[in-house]
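The values are calculated or read from the model by the stated rules, or taken from the named source; none is laboratory data. Please read all numbers here as calculations on a predicted model, not as lab measurements. Here the Cβ positions follow ideal geometry from the backbone for every residue, glycine too, while neighbour counts run over all protein chains shown. Ligands, DNA and RNA are stripped out before the accessible areas are found, and what is left, the full protein with its side chains, is counted by its heavy atoms. Shrake-Rupley method; radii C 1.70, N 1.55, O 1.52, S 1.80 Å.
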Amino acid sequence: GRNSKFLRAALAALIVAACSIIYYRANYGRTLAASLEAAPPEPREPPCRAPPPERAAVNPRIGIVVLADTASEARYVQTQRYSQKSLDNKRAYADHHGYELIVHEPAAALPAPWSKVDALLLHLRRFDWLLYLDGDALVANPAICLESFLDDAYDV
């Protein structure tokens, strides 16, 4: 009687919650990519939140390195579509802040993880700071600039 109604209602609520979580997890990346792609911000002026003067480099050269493994992605149509949106997201962020976006093809002779190191080493001398982002990473808040994280007191 009463317990079975309660159990049915609890089970229905649990099923709805599980379906919502599954839908959210399956569509979060696509939804976020579409929203970020829809209205890329204009180039920023004045600069966004900058570090304190004692930490600020004068116009640091900042690059964003992305590994574009098009040979692997070509096998997976869904991945390729998402990768392009992700790359568009990174390009809009880099353009917005005046950073250089470097799309690096992996070396055929190296495994993908070592191609990341290869890409960073190849471009390290041209920049004061480099940020590596994986191909499936998205910039969720384009208002935050990388300069806010820089501290010239450290040299690696």
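Annotations
- For the stretch 128-156, filtering for residues that are open to solvent by less than 50 Å² (accessible area, probe 1.4 Å) and among the acidic types (Asp, Glu) leaves 2.
- With respect to the stated conditions, residue 121 fails to be farther than 19 Å from residue 147 by Cα and modelled with pLDDT under 80.
- Hey, residue 95 within 14 Å of residue 68 (Cα to Cα), of a type outside the set (Lys, Arg), touching a residue at least 40 places away in the same chain (Cβ under 8 Å) and open to solvent by 70 Å² or more (accessible area, probe 1.4 Å) or not: no
- The stretch 103-127: number of residues that are open to solvent by 80 Å² or more (accessible area, probe 1.4 Å) and in a loop (DSSP other than H, G, I, E, B): 3
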